[in-house]
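The values are calculated or read from the model by the stated rules, or taken from the named source; none is laboratory data. Just so it is clear, the model here is predicted, and its values are computed rather than measured. Note that we place each Cβ from the backbone using ideal geometry, even for glycine, and neighbour counts take in every protein chain shown.
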Amino acid sequence: MSHHIVEAKNMQHVYPDGTIAIKDVSFHITHGESVAIIGANGAGKSTLLQHLNGCLEATSGQIRIGDTPLTKGTLPDIRRTVGMVFQYPDDQLFMPTVFEDVAFGPLNQGLSDSDVDRRVTEALAQVGAAHLRTKAPYHLSGGEKKRVAIATVLAMSPDILVMDEPTSGLDPFARRQLMSLLREFRHTKIFTSHDLDMVLDLCERTIIMHEGMIMADGPTDEIFKNETLLAACRLEKPFSMQGCPVCSRGHAQTS
Amino acid sequence: MASIHAAVIDLKRLDQLAGSDTPIHTLDSRAKVLVTFAFIVSVVSFGRYELIRMVPFFVYPAVMVVLAGLPPLYVARKIALISPFVVMVGLFNPVFDRTVMYQIGQMEISGGWISLLSLLIRSILTVGAAFILVGTTGFTAICQALERLGIPQVFAVQLLFLHRYIFVLADETGRASKARELRSCGRKGLGIASFSSMTGHLLLRTWQQAERIHTAMLARGFVGRFHTHRKSRFGADELLFLLGWSLLFISLRTVNISEVLGALFP
């Protein structure tokens, strides 16, 4: 299962205007790991994610997916292996109907009609969106769009799932549903998120980015206990690790 | 700017109509593209003062709308939207071309008016045929058909992106106009000055969004080739459809049906 491994070595990205978005980033993610990349706004999380399937090209350094280094020649294979869900579903949905949108990836993979049908049906059922099949993406609510966007990637059966802010814009129930769905996905998962409670729930490993650099990389529990580190990176503990707001308010009133 | 938003939804409806399953919809897209092309060429090739001989051509849109189950009022409304532009093009015909062609009692009808009317009929027919093609085939399938008919792939994909970009641009324009309107407190805002900077921003923003969409397409294995789920081949039905309509168009173009009917039933 070596193709489920993601490795970055001394990666750097400089935008054309000279902004250094990523400085000397290295990590190694192995098969089946669930890793969160967290950090303040502008820390370089989304830029980093976009390198993992070649949407952006590193200015220097190297990325390997399994045994394959990411180059122009290996891009089609890598894009088949790494499924990426973008932050805004509106960027991801571009076909006239939900069915056609979910079928876009499998059709590009050259699958037969019956296989495409099966993949689309399964992917939509997985995200609880089977009833949206014939609808137009622009008629869906935010949560529905997000679920369909995830289905578009699941339909390609990726080995590695990369998601930029998966729970943003979802209502609490849809967020719970999505989290249970992601828990079931057995392959390698990489998320960026500001939803630190989700990170605590789903990811055993967390990488903190700050100003384009990796500030910490380790078990999620340990990282969230380090308040000094979190504060230095403009982060806070997840709500579930903070004191109960009701009890602590009562405590403040009595003291 | 609810009107921009409504107009976009209305336009997107055309693509949705293409998802139906009538016998016309299931025909190979190449047959429909070729028939539409034959229809447009036949109509456009009439002389500038021709009126009566174009009327029988209305049979094509009428039959197609019925067979494909397209909403006739919707198609009529779409065609009506284009009419003001056509009238603008032919506006000066009656001014410059004053040769009297018909006389009804005391009223003289000049060549200018006839050519304006002829232009209008021509546009209704051709624009109608184009809308019917999109409504029964879908833009993606049309581009695919063009490619299979020998148009270079790069042009077909450009056309497809252009179609997609219209929606991106319209969505962004709708949002920017709403934001501007809400902060203008019912007045003109900053007038033309705010529009110039808004246009610039729109260009950059839609450019960025179009890039993000393209990235999302690449991430899902897009390599410049579009696939449609509806697989079709050019069979007997398509041949019959193509030959039937093309022969009818050629006969209507070469034979004056009104004269023939007039001679048959004097």
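To keep it simple, each residue is scored yes or no on (1) over 14 Å from A:Gly39 (Cβ atoms); (2) in contact with a strand residue (DSSP E or B) (Cβ under 9 Å, 6 or more places away or on another chain).
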position	(1), (2)
A:Lys145	yes, no
A:Met156	yes, yes
A:Glu184	yes, no
A:Thr188	yes, yes
A:Asp197	yes, no
A:Thr206	no, yes
A:Ile214	no, yes
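Tell me whether the range A:229-247 contains one or more residues that are β-branched (Val, Ile, Thr) and modelled with pLDDT under 85.
Filtering the range A:229-247 down to residues β-branched (Val, Ile, Thr) leaves A:246.
Within this subset, residues satisfying the condition of being modelled with pLDDT under 85 are A:246.
Yes, the conditions are met somewhere in the range A:229-247.
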Completion exercise
Exactly one of B:Asp21, B:Asp10, B:Asp28 is surrounded by fewer than 16 Cβ atoms within 10 Å (Cβ to Cβ), more than 30 Å from B:Glu181 (Cα to Cα) and in the same structural domain as B:Leu146 (by TED's automatic domain parsing), and that one is B:Asp21
Handout entry: Among (1) within 14 Å of chain A (Cβ to nearest Cβ); (2) among the hydrophobic types (A, V, I, L, M, F, W, C); (3) within 27 Å of the chain's Cα centre (by Cα), the one test that B:Ile250 misses
Key = (1)
Problem - Residue ranges of strands (runs of 3 or more DSSP E) in the range A:184-245 with at least 1 members among the small types (Gly, Ala, Ser) - result: A:213-219
Completion exercise
A careful count of residues in the range A:8-63 that are in a strand (DSSP E or B), in contact with a Ser or Thr (Cβ under 7 Å, 6 or more places away or on another chain) and at positive phi gives 1
Fill in the blank from the handout: Apart from one, (1) part of a helix (DSSP H, G or I); (2) more than 14 Å from chain A (Cβ to nearest Cβ) all hold for B:Phe234; the odd one out is (1)
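Kindly evaluate B:Phe155 against the criterion of being surrounded by fewer than 18 Cβ atoms within 10 Å (Cβ to Cβ), free of Cβ contacts under 8 Å to residues at least 12 places away in the same chain and of a type outside the set (Val, Ile, Thr). Give the steps one after another, and end with the answer.
On the way: surrounded by fewer than 18 Cβ atoms within 10 Å (Cβ to Cβ): yes; free of Cβ contacts under 8 Å to residues at least 12 places away in the same chain: yes; of a type outside the set (Val, Ile, Thr): yes.
Answer is yes for this residue.
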Exercise for the section: Report yes if B:Asp15 is within 14 Å of chain A (Cβ to nearest Cβ), touching a residue at least 24 places away in the same chain (Cβ under 8 Å) and among the acidic types (Asp, Glu), otherwise no. Expected result: yes
Completion exercise
Checked B:Gly112, B:Gly128 against criteria (buried (at least 16 other Cβ atoms within 10 Å of the Cβ), free of Cβ contacts under 8 Å to residues at least 24 places away in the same chain and touching a Pro at 6+ places or on another chain (Cβ under 6 Å)); the one match is B:Gly112
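In the range A:91-109, what residues are more than 8 Å from chain B (Cβ to nearest Cβ) and at pLDDT below 85? Please lay out each step first, then the result.
Within the range A:91-109, the first condition is being more than 8 Å from chain B (Cβ to nearest Cβ), and the residues that meet it are A:93, A:98, A:101-102, A:106.
Residue satisfying the conditions is A:Leu93 alone.
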Exercise for the section: Identify, by number, the condition in (1) under 26 Å from A:Gln50 (Cβ atoms); (2) at pLDDT below 95 that A:Arg205 doesn't meet. Expected result: (2)
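Yes/no matrix, rows are residues, columns are (1) at the interface with chain B (Cβ under 9 Å from one of its Cβ atoms); (2) of a type outside the set (Ser, Thr, Tyr); (3) at positive phi; (4) in contact with a helix residue (DSSP H, G or I) (Cβ under 8 Å, 6 or more places away or on another chain):
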residue: A:Gly73; (1), (2), (3), (4): no, yes, no, no
residue: A:Ile78; (1), (2), (3), (4): no, yes, no, no
residue: A:Gly83; (1), (2), (3), (4): yes, yes, no, yes
residue: A:Phe86; (1), (2), (3), (4): yes, yes, no, yes
residue: A:Ser114; (1), (2), (3), (4): no, no, no, no
residue: A:Thr121; (1), (2), (3), (4): no, no, no, yes
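Which residue, of A:Asp171, A:Asp164, is of a type outside the set (Val, Ile, Thr), within 12 Å of another protein chain (Cβ to nearest Cβ), surrounded by fewer than 22 Cβ atoms within 10 Å (Cβ to Cβ) and within 23 Å of A:Asp197 (Cβ to Cβ)? Step through it out loud before you land on a result.
On the way: A:Asp171 fails: within 12 Å of another protein chain (Cβ to nearest Cβ).
Checking each option against the conditions leaves just A:Asp164.
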Exercise for the section: Would you check if there is a residue in the range B:154-161 being modelled with pLDDT under 80 and not assigned by TED's automatic domain parsing to the domain that holds B:Pro72? Expected result: no
Completion exercise
Out of (1) buried (at least 20 other Cβ atoms within 10 Å of the Cβ); (2) within 14 Å of chain B (Cβ to nearest Cβ), the one A:Gly44 does not meet is (2)
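Hey, among B:Ser194, B:Ser258, B:Ser177, which residue is more than 13 Å from chain A (Cβ to nearest Cβ) and without any contact (Cβ under 8 Å) to a residue 60 or more places away in the chain? Before you say what the answer is, go through the steps one by one.
On the way: B:Ser258 fails: without any contact (Cβ under 8 Å) to a residue 60 or more places away in the chain; B:Ser177 fails: without any contact (Cβ under 8 Å) to a residue 60 or more places away in the chain.
After ruling out the rest, the residue left standing is B:Ser194.
Give the residues of the range B:193-234 that are of a type in the set (Gly, Ala, Ser) and over 26 Å from the mean Cα position of the chain (by Cα), sorted by residue number. Walk me through it before giving the result.
First, the residues of the range B:193-234 that are of a type in the set (Gly, Ala, Ser): B:193-194, B:196-197, B:200, B:210, B:216, B:219, B:221, B:224, B:232.
Within the range B:193-234, B:Ala193, B:Ser194, B:Ser196, B:Ser197, B:Gly200, B:Ala216, B:Ala219, B:Gly221 qualify.
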Fill in the blank from the handout: Among residues of the range B:219-229 being more than 7 Å from every other protein chain (Cβ to nearest Cβ) and surrounded by 16 or more Cβ atoms within 10 Å (Cβ to Cβ), the residue farthest from A:Asp91 (Cα to Cα) is B:Thr228
Practice task
Determine which single condition A:Ile22 fails, assuming it passes every other condition in (1) under 23 Å from A:Glu204 (Cβ atoms); (2) touching a Leu at 6+ places or on another chain (Cβ under 7 Å); (3) among the aliphatic types (A, V, I, L, M).
Solution key: (1)
